[in-house]
Amino acid sequence: MPRLVSSKLIQFYVGKKVFQYETGHLRQSSLDMIKHALFSIDDTLQEKLALNIRPSEFNGLPENTLKHLHSAYLLLKAMRNVGVSLIPKLKRKGEKPLFIPAFENVDRMIEVAPVREKIAFILASVIGLRISEILALDYADIQGEYLNISKHVTRHGVVEGLKVDVQRRIKTPKKLFDFLDKNKKGMNLPLMISERGEILSLCYSRTGIVKRLLTENGIGTFHNLRHFAALQSFEEGVDVNFVSRLLGHKSIQITMDIYGRFCRDILRYNF
């Protein structure tokens, strides 16, 4: 490992990303971006021993390249091959704008939506499911009062496992049962299908009737319903640990990074 040259480290990291792509856990566009960021590094730097490079030698590299190089070093660190990452720390970016829809807008949209869209909107706005998780659900995932979230939809179809491998069992929103087909209970049939009877693609949340309803009710994007679910939970006094598990975040810190600015006075916990 001490003789590992930077080019081998890059190949090692990209190989991991190729595997994620092949298993449906990474988009083609993301893989192409990573390849471009890393393979465009100057040959002189790539030929140097990875553990002998001075941090100053990374100066001038694009931020995206530094980010992925840092991830490569952290991957080796996790495998107990490297003590620390040599990549300089990136400056922390400002908080991204976050839009939280008004309660009356969400309520009105669900009320006027067709049954299929009611199901999607309820799952997103009440328990904060991602669109990729919603589209992968089938009737067999409803186990009594609970919903088993263990797969997601990619451009390759339904894939077992989740984006960050946080599978969870969530209490099903009561009002959802009013719109489900009781004859399909326990069957391996999707909760939601296209007009042709096929599994819906991820484009479903950005086009057609979904886009129209979101726009007409001033909600913007489908993902804003997930933010809505999180803030509703906090306002009801739900513990941050539970909200983090509900959303499928890998850590509480991620939950706080996203929503902490809205509820500093609500959230109370020790790191």
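The values are calculated or read from the model by the stated rules, or taken from the named source; none is laboratory data. Quick caveat, the model's predicted, so the values are computed rather than measured. Every residue, glycine as well, gets a Cβ built from its backbone with ideal geometry; the counts of neighbours run over all protein chains shown.
Filter the stretch 181-199 down to the residues that are at pLDDT 90 or above and farther than 16 Å from ALA120 by Cα and list them by number.
LYS182, ASN183, LYS184, LYS185, GLY186, MET187, ASN188
What pairs come up if the first residue lies in the stretch 41-55 and is assigned by TED's automatic domain parsing to the domain that holds LYS67 and surrounded by 11 or more Cβ atoms within 10 Å (Cβ to Cβ), the second is modelled with pLDDT of 80 or more and of a type in the set (Lys, Arg), and their beta carbons are under 8 Å apart, counting only those six or more places apart or on different chains?
If the second residue must be modelled with pLDDT of 80 or more and of a type in the set (Lys, Arg), the pairs left are ALA50/LYS8.
Could you please find all residues in the stretch 132-145 being among the charged types (D, E, K, R), more than 13 Å from the chain's Cα centre (by Cα), surrounded by 14 or more Cβ atoms within 10 Å (Cβ to Cβ) and not in a strand (DSSP E or B)?
Of everything in the stretch 132-145, just one residue is among the charged types (D, E, K, R), more than 13 Å from the chain's Cα centre (by Cα), surrounded by 14 or more Cβ atoms within 10 Å (Cβ to Cβ) and not in a strand (DSSP E or B), namely ASP141.
Quick one: in the stretch 233-254, of everything that is charged (D, E, K, R) and in a helix (DSSP H, G or I), which residue is surrounded by the most Cβ atoms within 10 Å (Cβ to Cβ)?
That would be ARG245.
Considering THR207, THR172, which residue is among the β-branched types (Val, Ile, Thr) and buried (at least 16 other Cβ atoms within 10 Å of the Cβ)? Talk me through it step by step, then tell me what you get.
Working: THR207 fails: buried (at least 16 other Cβ atoms within 10 Å of the Cβ).
Residue meeting the stated conditions: THR172.
When you scan the stretch 146-230 for strands (runs of 3 or more DSSP E) that lie fully inside it, which ones turn up with 1 or more residues that are of a type in the set (D, E, K, R)?
Output list reads 151-154, 157-160, 168-171.
Can you name the residue in the stretch 210-232 that is more than 21 Å from PHE262 (Cβ to Cβ) and among the β-branched types (Val, Ile, Thr) and, of all such residues, is surrounded by the most Cβ atoms within 10 Å (Cβ to Cβ)?
Within the stretch 210-232, the match that is surrounded by the most Cβ atoms within 10 Å (Cβ to Cβ) is VAL210.
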